[in-house]
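See structure below.
The values are calculated or read from the model by the stated rules, or taken from the named source; none is laboratory data. Quick caveat, the model's predicted, so the values are computed rather than measured. Quick reminder, even Gly has a Cβ in these numbers, built from the backbone with ideal geometry, and neighbours come from all protein chains shown. Ligands, DNA and RNA are stripped out before the accessible areas are found, and what is left, the full protein with its side chains, is counted by its heavy atoms. Shrake-Rupley method; radii C 1.70, N 1.55, O 1.52, S 1.80 Å.
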Amino acid sequence: MLAYGIVEERDPIAQQVGRNCGLTPEVLVSNSDVCAAVVRYFETLYSEDPVVLRRVPKVTNWHPGTPDLTLKSWFSFKRAASTKAYPLMAKASCKTPAIDQALKGLHTLCGGDPFNYPSVRDDLMSDEAWQAKIVTLATDVKKHLETLEKEFKGFRPVNAEPKDPKTQAWQGGKLHVEMSEVADALKAQATLILRDVNSDLKTYTA
């Protein structure tokens with residue numbers, strides 16, 4: 001989306017974002033290969049970004065899929081961790097009202113998936129007073145993303161108490177490492193989207 005805005009639509013805002021990231025005017029000259037070149041540039045630029053690298057945790061056999069920043073995915077992981085994982089996660093660790101509410105808010109604002117934020121934002125550009133609407137959207141999305149960053153950072157899921165010592169050789173109350181890694185991956189996803197949101201707020205409130 002950004003590459004297209006830079007080299008095809010010649011959007012001045014997109015071009016400024018590119019320049020802020022180190023793209024020279026020469027790179028931004030439109031030609032048949034430049035979109036692909038810009039995409040490769042950003043892939044290279046962020047290939048070792050620790051936030052990007054944390055987006056997807058190591059997959060284990062109890063995972064109900066790849067964790068993504070949606071209410072459905074979060075509920076699926078909590079349920080699987082407390083019923084299928086080894087060790088099992090304590091039922092009490094499933095109680096995450098602040099995370100649940102923030103994800104619900106993002107679901108409403110971003111059409112079901114926070115990674116839809118750029119599309120929702122771009123759709124507003126055809127409306128009257130579009131700039132104010134983008135600022136309102138970005139402000140609301142930012143609030144929920146910051147809540148998720150904070151809550152996922154502080155999330156400390158623990159192991160359930162084993163009911164069968166012969167088959168459940170773990171210690172209850174200890175950190176549930178695998179679910180903690182899922183939460184860290186979701187925090188990283190929130191941070192990535194928040195970068196885009198903060199860039200919009202800087203651009204449209206300047």
Scanning the stretch 83-95 residue by residue, those open to solvent by 10 Å² or more (accessible area, probe 1.4 Å) and touching a residue at least 24 places away in the same chain (Cβ under 8 Å) turn out to be Tyr86, Pro87, Leu88, Ala90, Lys91, Ala92, Ser93
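Quick check on the stretch 191-206: of everything there that is open to solvent by 80 Å² or more (accessible area, probe 1.4 Å) and farther than 25 Å from Leu103 by Cα, which residue is modelled with the highest pLDDT?
Out of the qualifying residues, it is Thr205.
Conditions (1) open to solvent by 40 Å² or more (accessible area, probe 1.4 Å); (2) without any contact (Cβ under 8 Å) to a residue 24 or more places away in the chain; (3) within 20 Å of the chain's Cα centre (by Cα), marked per residue:
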{"position": "Lys142", "(1), (2), (3)": "yes, no, yes"}
{"position": "Lys153", "(1), (2), (3)": "yes, no, yes"}
{"position": "Pro165", "(1), (2), (3)": "yes, yes, no"}
{"position": "Trp170", "(1), (2), (3)": "no, no, no"}
{"position": "Glu178", "(1), (2), (3)": "yes, no, yes"}
{"position": "Leu186", "(1), (2), (3)": "no, no, yes"}
{"position": "Gln189", "(1), (2), (3)": "no, no, yes"}
Every listed condition ((1) in contact with a Leu (Cβ under 9 Å, 6 or more places away or on another chain); (2) loosely packed, with under 15 Cβ neighbours inside 10 Å; (3) in contact (Cβ under 8 Å) with a residue 60 or more places away in the chain) holds for Leu148 save (2)
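Can you pull out every residue in the stretch 72-90 that is small (Gly, Ala, Ser) and either assigned to a loop (DSSP other than H, G, I, E, B) or in contact with a strand residue (DSSP E or B) (Cβ under 7 Å, 6 or more places away or on another chain) (or both)? Give the steps one after another, and end with the answer.
Initial filter on the stretch 72-90 (small (Gly, Ala, Ser)): 73, 76, 80-82, 85, 90.
Across the stretch 72-90, the qualifying residues are Ala81, Ser82, Ala85, Ala90.
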If we ask which residues in the stretch 106-131 are in contact (Cβ under 8 Å) with a residue 40 or more places away in the chain and open to solvent by 70 Å² or more (accessible area, probe 1.4 Å), their number turns out to be 2
